[in-house]
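Student: I'd like to ask some things about the structure below.
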2 protein chains.
Amino acid sequence: MKKIYSSVILIFLTLCIYAEDGHQLWLRNSSPKPVNVVCLKNSPTLTIAKQELQNGWMGEMGTSVNLVIKADKAIRGDGFRISKNTIQANTENGILYGVYELLRRQQTGEAIQEEICNPSYDRRILNHWDNLDGSIERGYAGQSIFWRKGSDSLTITETDKNLWQEYARANASVGINGSVLNNVNASQLMLTNEYLQRVKAIAEVLRPYGIKTYLSVRFSSPAQIGGLKTSDPLNPEVAQWWKDKAKEIYNLIPDFGGFLVKANSEGQPGPQDFGRTHADGANMLADAVKPFGGIVMWRAFVYSASDEDRAKQAYLEFMPFDGQFRDNVIIQVKNGPIDFQPREPFSPLFGAMKKTTVMPELQITQEYLGHSVHLAFLAPMWEEFLQSDTYQNGPGTTVARCTDGSIFPQKYSAIAGVANIGLDANWCGHHFGQSNWYAFGRLAWNSSMKSEQIADEWIKLTFGKTTDNKDDSAIDWNLSFLSPVKQMMLDSREAIVDFMMPLGLHHIFSANGHYGPGPWWAPKGMRKDWTPPYYHQADSLGIGFDRTSSGSNNLSQYKEPLRSEYSDPATCPEAYLLWFHHLPWDYKMKSGRTLWDELCYHYDGGVQQVRRFQQVWDQAERFVDRDRFVHVQRRLRDQSLNALEWKDACLLHFQQFSRKSIPYNLERPMYNLDYLIEKDTKRVGVYQH
Amino acid sequence: MKKIYSSVILIFLTLCIYAEDGHQLWLRNSSPKPVNVVCLKNSPTLTIAKQELQNGWMGEMGTSVNLVIKADKAIRGDGFRISKNTIQANTENGILYGVYELLRRQQTGEAIQEEICNPSYDRRILNHWDNLDGSIERGYAGQSIFWRKGSDSLTITETDKNLWQEYARANASVGINGSVLNNVNASQLMLTNEYLQRVKAIAEVLRPYGIKTYLSVRFSSPAQIGGLKTSDPLNPEVAQWWKDKAKEIYNLIPDFGGFLVKANSEGQPGPQDFGRTHADGANMLADAVKPFGGIVMWRAFVYSASDEDRAKQAYLEFMPFDGQFRDNVIIQVKNGPIDFQPREPFSPLFGAMKKTTVMPELQITQEYLGHSVHLAFLAPMWEEFLQSDTYQNGPGTTVARCTDGSIFPQKYSAIAGVANIGLDANWCGHHFGQSNWYAFGRLAWNSSMKSEQIADEWIKLTFGKTTDNKDDSAIDWNLSFLSPVKQMMLDSREAIVDFMMPLGLHHIFSANGHYGPGPWWAPKGMRKDWTPPYYHQADSLGIGFDRTSSGSNNLSQYKEPLRSEYSDPATCPEAYLLWFHHLPWDYKMKSGRTLWDELCYHYDGGVQQVRRFQQVWDQAERFVDRDRFVHVQRRLRDQSLNALEWKDACLLHFQQFSRKSIPYNLERPMYNLDYLIEKDTKRVGVYQH
């Protein structure tokens, strides 16, 4: 009988070892060596720091590690100083970040010498677009980890708390220190006491990991749940209601971070409903949280169905108020002027708002990059964005420097990323989606990090310890796995740009699912600026959106010399060419090809690139556990077919205008256009994998 | 007013010229030169011959052409002697065939010197699998041209007669001289007087073009429509009923050709239902039509759900009766022993039945080769078959010589092709499907014709006269159109073999639609020999059907030295390898690759080949009218996707047994196996284009 039991246990353990669902993310310490941790203080955060060292130490056996909290002007905020056996910081959080840094370096084999690591941004925040019913807007990894449907939706279980803790630990390990727990399209119920009780519980789990909790709020809450007749921000009762609400929240959550607001955008209520301005609205809320040290993040993602170029609108609406916002208001600006496209130039608001704190909003969830089906490592996109030179304060005024406080005087610095996290065992839907969560944290901490370094770390941490074949030498692993897989990650975003919307094309998706191609998509009566033809402007003469002075003059919002450089097709980077210009089909490109041919080459190149990714991954099979191997292999197949569909849909649609042949040496379309259009009309909102 | 009319007429004419629906087939004489035709006799057939010359003469202007009917022993049957200005024949039909030959040579630019052309087979017959309700079994080009549904189904209209005449002309132009008007799965109603009246009308239109009419008959007709209690062939009343029926038919159609019978096969009634033999049944019918010069074509396509290898059964059932059939019975044998697969070895009955007339049955309609979606020129398949050496009378006993009367004494010689003709404007669904109708006729007339020659003729006749750009020189056309398109045709069948079932694999289709891949397809309770696993026999050890002496010993039905050659995998042609052998996955092929790798290379090669066809066709655009160009382009795209699906389905299915990687330099699968299986379960019978 005993024998049977132990067999069962053996089988169970074997299953546990081999059932690799990716839930551990990049945190895979195994068989740590003994370490002696010395820390004079005690606190929940420091306890975590000590435990992490003890559970993950891979340095010299028996080392004594000192954790030292000591004021040091060279160390900023939650920064730290590390060496092989000491971590020094101004704050407990700094110690924790130092611990994770030390362990990461041990695991990846990176050199550890005495070094100070300071964060680029003070506030490194995940925005969860989680609805209170558990669904997630633009979420492709299952339901919310914070909210759920049903009669027990507000019951707090041990499972909930364990998951929140795992989430908090993962965030802390990459330096993320803030979480907005609900969708920017916010429900007024968020601010009712029963939901705030749940927020309190979440905040308690997150707090020891150095993570502040924030909430998205609905601007009309005073009228909707406060019993007031209005939500007019200049109405004293309304202001008082928000003050009382803030007090109530801070009573529950003393370190509450503040509010995130989407106002007067895509149907959300806002101050304009009462004839007031964004400044009126934001400042009223800022005053409510100010006594408690809270901030208001006010989104600049606003646009109306006007005739104006959508790319211009945020700038037009917000620039007039520069300098009129309270010092605890931060304007949260999406990286590009449209909406998280595979490639956009930076939004002209960056660097332009000189008297207002501006924070970048990135999107980690792949709303426009193939959801959780496509392999897209986004660090290169964010690196491109952060290093873009706005010239607003002379050369070198990169977006990163415009927003991290190093140029403009500002009380806060912050960066946000829209999370790709859900209840899926692997958190992000696609195993490689985890790399974007990781990369967001790393770049928020250090905005000058290179994508290559981030990918290198992530692969080593995520796949380094789990090769099935323990006899493969490290050299083999480096050459045959790390190197090609890293290159695949680094190339992955550009491949998507190529097969979806190269050369500056943008927003040519079908319908609101933002997944498949729909360059033709323009249902009757639909707002023009919600349809692809508005964006690609293809006609018999050419293709592209004229944003020069002969067109919408969006370029007037950019600083010289960018304005001139981008205004001339000859000097405009080809990656943005059709973003800023409407050009003839036979426009001569730098390659010597016509624009039409170049478009064909990009689309085809994207398809071929995905096929190469498939080859890379299939060849990596012996280095990866079966579960994750198959998971990624399956999605790469889907991506490969999607790439084909994108290429055929776009080229065959545009060909109706260009009336030119696809260069004959390129692989021919496999789909007929009418089939794709018919399939499109049958497509339901979001792709279900 | 007149002006408006003439404008309308002009527009109408323009539309007629440019709306190219392919209805004219390979018969596209335009602007003939004057010719003087001298013929001493007069008849409907000779009138047609004269008109064709006058409408299509492209020889020297004003030539006098003599049509001479004169007995000449060098000329056999409906053969003829041609020169530049004389056509001589024993029969009126011979004159007509000579006229078409002369015109074809003028149009294709082939040399015309004095020459005798004799037919290989006396009876060159199309089998129409047309049902009396207008549907066509395995037809992919619309409804029947002979039968239709509805209350007016038996009304004979001018439209009917015009279409039948066009059909007859097309047949005569390639030497086809017989049509079986209804499905071998025959309705008993076929022999009722009202349907026979329609047959009479059809026969009257076909007759001047030298075409005899035949009917498929249902063996149980005497009981079903004759009021008899049985259809036992040895029952005198039954025999008398058939004699009376024959007389009735010959009264209506004096030159009626005879009966085609599918008996005791796939549920059809037959003599075995009454404990009688195939010989009993066939001979009884043969006696009925004998007085009128009729023949009985008795199909050897019979197999039961026995444990025996299906490939063996026709031989086992028919060989015992060799020599027992009447001299006006012909055993109609499908080219291969299974069922019109993309590649089969020849049926072992060819050459084995030495005392019985045997006729080959080919399939023109692409039941197993992608319906009317795939571009498949079948002449290479038929050439391969006709030139196969059976060794039954020593080396050189090709299938062609076994069946054309040159080796075995036989009263008749015949060949049949299952037609691919329907009401579609272009007759065959796919424009290139016409080439198979053409090729069947040409090979039936001259079984030693080369596929290359047939393709050359067909392209010149079908596409030669209609280039949009009249300035393209003939050299350009030859180099840039004729040559690549011909090569595409010649390679097309092998491409299909490669992406569907290479190396001797066969019948791994999904369900009864015989279109998409279904190597997994084996519904519970389904007859084993109707499921792909029965045919591919894939398991962990290997793949293929063992038909050697260690397996089903189907090879014992073949003559030496073939039997020995095919029994040894080392000498068995690799094209038939898995037809005759079950071999290990790592069996070493002639290329040096393992069997598994070779299989992968073939599947991938097929996919790549179809992509090359797409390139060839797209580059041909300037030489083809828009309608036919787009039609073929669309189908090649579908074929390209189908090829991908076949490759992925088969490789991923077989990979479950081989447990080997697809060679890494090959393009990876794009479909996931479970998706394809799920799609398959939703597939409805036949693909609807």
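Student: Please compute the length gained on full extension between B:Ser406 and B:Asp476, using 0.36 nm multiplied by the number of residues separating them and subtracting their Cα-Cα distance. Could you put the intermediate results ahead of the total?
Tutor: Numbers: separation 70, 0.36 × 70 = 25.20 nm, distance 4.34 nm.
The B:Ser406-B:Asp476 span can extend by a further 20.9 nm.
Student: Here's something else I'd like to know. How much of the DSSP beta bridge set in chain B is antiparallel, as a percent to the nearest 5? It would help to have the intermediate numbers written out before the result.
Tutor: Working: 12 of 51 bridges.
If we restrict to bridges inside chain B, about 25 percent are antiparallel.
Student: So what are the ³J(HN,Hα) numbers for region B:75-92, from phi and the Karplus equation (6.51, -1.76, 1.60; θ = phi - 60°), rounded to whole Hz, Gly and Pro as x?
Tutor: Per residue, the Karplus-derived 3J(HN,Hα) values read 9, 9, x, 8, x, 7, 10, 10, 9, 4, 9, 9, 10, 10, 7, 7, 10, 4 Hz.
Student: Taking a ≥ b ≥ c as the square roots of the Cα gyration tensor eigenvalues, with a/c under 1.5 meaning rounded and otherwise prolate when a/b beats b/c, else oblate, which class fits region B:395-526?
Tutor: Here region B:395-526 falls in the oblate category.
Student: Given R₀ = 60 Å, what would the calculated FRET efficiency be for A:Lys70 paired with A:Ser556, taking r from the Cβ atoms and rounding to 0.05?
Tutor: Step by step, r from the Cβ atoms, then E = 0.70.
Student: How would region B:31-117 be classified by its alpha-carbon gyration tensor: rounded, prolate or oblate, with rounded meaning a/c under 1.5 and the a/b versus b/c comparison settling the rest?
Tutor: It is oblate, given that a/c is not under 1.5 and a/b is not larger than b/c.
Student: Tell me the label-point distance for the pair A:Ser661, B:Ala575, using the 7 Å Cα-to-Cβ offset, in nm and rounded to one decimal.
Tutor: 3.2
Student: Probe 1.4 Å, all protein chains in place: accessible area of B:Met61 in Å², nearest 10?
Tutor: Surface accessible to solvent at B:Met61 totals approximately 140 Å².
Student: Quick one: Cα centre-to-centre distance for region B:126-142 and region B:476-515, in angstrom?
Tutor: One Cα centre to the other: 24 Å.
Student: If one takes the accessible area of chain B alone plus chain A alone and subtracts that of the pair, with a 1.4 Å probe, what total in Å², rounded to the nearest 100, results?
Tutor: Numbers: alone 26380 and 26370 Å², together 50420 Å².
What B and A bury together is about 2300 Å².
Student: Using 7 Å Cα-to-Cβ label points, what is the A:Glu114/B:Ser448 separation (nm, one decimal)?
Tutor: Here the modelled spin labels are 9.9 nm apart.
Student: Let me ask something additional. Label points 7 Å out from Cα along the Cβ direction at B:Thr230 and B:Asp133: separation in nm?
Tutor: 3.3
Student: Okay, next question. Which residues of region B:622-654 bury at least 50 Å² of accessible area once all protein chains are present, versus their chain alone (1.4 Å probe)?
Tutor: Residues passing the criterion (a loss of at least 50 Å², heavy atoms only) are B:Arg634, B:Arg637, B:Leu641.
Student: For region B:123-449, give me the percentage of DSSP beta bridges that are antiparallel, rounded to the nearest 5 percent.
Tutor: Beta bridges within region B:123-449, antiparallel portion: roughly 5 percent.
Student: Considering only protein heavy atoms, what per residue accessible area in square angstrom results for region A:31-117 with a 1.4 angstrom probe?
Tutor: On the way: 4120 Å² over 87 residues.
Value returned for region A:31-117: 47 Å² of accessible area per residue.
Student: If we hang a label 7 Å off Cα along the beta carbon direction at B:Lys524, how far is it from the matching labels on the other copies, in nm, shortest first?
Tutor: 5.0
Student: How much length, in nm to one decimal, is gained on full extension between B:Asn85 and B:Gln51, taken as 0.36 nm per residue of separation minus their Cα-Cα distance?
Tutor: 10.7 nm
Student: Quick one: pull the percent of accessible area on region A:543-688 belonging to carbon and sulfur, 1.4 Å probe, ligands and nucleic acids left out. Walk me through the numbers before you get to the answer.
Tutor: Details: 2750 of 5570 Å².
Carbon and sulfur: 49 percent of the exposed surface of region A:543-688.
Student: What dipole magnitude, in Debye to the nearest 20, does region B:132-278 give about its Cα centre under +1 on Lys/Arg Cβ and -1 on Asp/Glu Cβ? All intermediate terms of the calculation are to be shown ahead of the outcome.
Tutor: On the way: 16 positive and 15 negative charges, 41 e Å.
Its charge dipole is roughly 200 debye.
Student: Placing a label point 7 Å from Cα toward Cβ, how far apart in nm is B:Glu237 from its equivalents in the other copies, listed shortest first to one decimal?
Tutor: 10.4
Student: Which stretch or stretches of region A:322-358 have amide N atoms under 19 Å from the point lying 7 Å from A:Tyr250's Cα along the Cα→Cβ direction?
Tutor: Counting backbone N atoms under 19 Å from the label point, the list is A:326-330.
Student: Here's a follow-up. First compute the accessible area of region A:31-117 with a 1.4 Å probe, then give the percent of it belonging to carbon and sulfur atoms. Don't jump to the answer; show the numbers that get you there.
Tutor: Details: 2010 of 4120 Å².
Using a 1.4 Å probe with all protein chains present, region A:31-117 comes out at 49 percent carbon and sulfur.
Student: Only Lys, Arg, Asp and Glu count, each charged at its Cβ (+1, +1, -1, -1), so figure out the dipole size of the protein assembly as shown about its Cα centre, rounded to 20 debye.
Tutor: 640
Student: Measuring nothing but label to label, 7 Å from Cα along Cα→Cβ, what are B:Ser43's distances to the other copies in nm, shortest first?
Tutor: Reported distances to equivalent positions: 11.4 nm.
Student: Then there's this: Do any residues of region A:655-676 lose at least 20 Å² of accessible area when the full set of protein chains is present rather than just their chain alone, and if so which, with a 1.4 Å probe?
Tutor: Listed by number, the residues meeting the 20 Å² cut-off are A:Tyr664, A:Glu667, A:Arg668, A:Pro669, A:Met670, A:Tyr671, A:Asn672, A:Asp674.
Student: For region B:123-449, what % of the accessible area comes from carbon and sulfur atoms, probe 1.4 Å?
Tutor: Details: 4370 of 9340 Å².
That share works out to 47 percent.
Student: Okay, next question. How much of the DSSP bridge set in the protein assembly as shown is antiparallel, in percent, rounded to the nearest 5?
Tutor: Bridges in the protein assembly as shown are about 25 percent antiparallel.
Student: For region B:523-655, what does the accessible surface come to per residue with a 1.4 Å probe? Please give it in Å².
Tutor: The answer is 36 Å² per residue.
Student: Might you tell me the accessible area per residue for region A:123-449, computed with a 1.4 Å probe and given in Å²?
Tutor: With the other protein chains kept in place, region A:123-449 gives 29 Å² per residue.
Student: Of B:Trp427, B:Leu541, B:Gln24, which is farthest towards the positive pole of chain B's charge dipole, taken about the Cα centre with +1 and -1 on the beta-carbons of Lys, Arg and Asp, Glu respectively?
Tutor: B:Gln24
Student: Let me ask something else. Want the number for B:Arg28 to B:Asn42: 0.36 nm per residue separation, take away the alpha-carbon distance, what's left? Mind dumping the intermediate values first?
Tutor: Values: separation 14, 0.36 × 14 = 5.04 nm, distance 2.59 nm.
Gain on stretching B:Arg28 to B:Asn42: 2.4 nm.
Student: So for region A:578-621, taking the charge dipole from beta-carbon charges (+1 Lys/Arg, -1 Asp/Glu), which of A:Gln615, A:His602, A:Ser591 sits furthest toward the positive end?
Tutor: Result: A:Ser591.
Student: Here's another thing I want to ask about it. Set the Förster distance to 25 Å, then compute FRET efficiency between A:Lys682 and A:Lys528 from the Cβ-Cβ distance, nearest 0.05. Walk me through the intermediate numbers first.
Tutor: On the way: r = 24 Å, r/R0 = 0.97.
Efficiency for this residue pair is about 0.55.
Student: Roughly how many Å² of A:Lys590 are accessible to a 1.4 Å probe, to the nearest 10?
Tutor: Probe radius 1.4 Å; accessible area of A:Lys590 about 140 Å².
Student: Quick check on chain A: take the gyration tensor over C-alpha atoms, sort the square-rooted eigenvalues as a ≥ b ≥ c, and tell me if it's rounded (a/c under 1.5), prolate or oblate.
Tutor: Because a/c hits 1.5 or more and a/b fails to exceed b/c, chain A counts as oblate.
Student: While we're here: Cross-link list A:Lys450/A:Lys588; B:Lys200/B:Lys243; B:Lys50/B:Lys212: which exceed 23 angstrom alpha carbon to alpha carbon?
Tutor: A:Lys450/A:Lys588
Student: Charges at C-beta only: +1 for Lys and Arg, -1 for Asp and Glu. How large is the resulting dipole of region A:83-181 about its Cα centre, in Debye rounded to 20?
Tutor: Using Cβ point charges on Lys, Arg, Asp and Glu, region A:83-181 gives about 120 debye.
Student: Could you compute the FRET efficiency for A:Thr63 and A:Asp674, with r as their C-beta to C-beta distance and R0 at 56 Å, rounded to 0.05?
Tutor: 0.25
The values are calculated or read from the model by the stated rules, or taken from the named source; none is laboratory data. All figures in this text were calculated on a predicted structure; none of them were measured in a lab. Don't worry about glycine lacking a Cβ; one is built from the backbone with ideal geometry, like all the others, and counts go over all protein chains shown. For accessibility, only protein heavy atoms count, side chains too; no ligands or nucleic acids. Shrake-Rupley method; radii C 1.70, N 1.55, O 1.52, S 1.80 Å.
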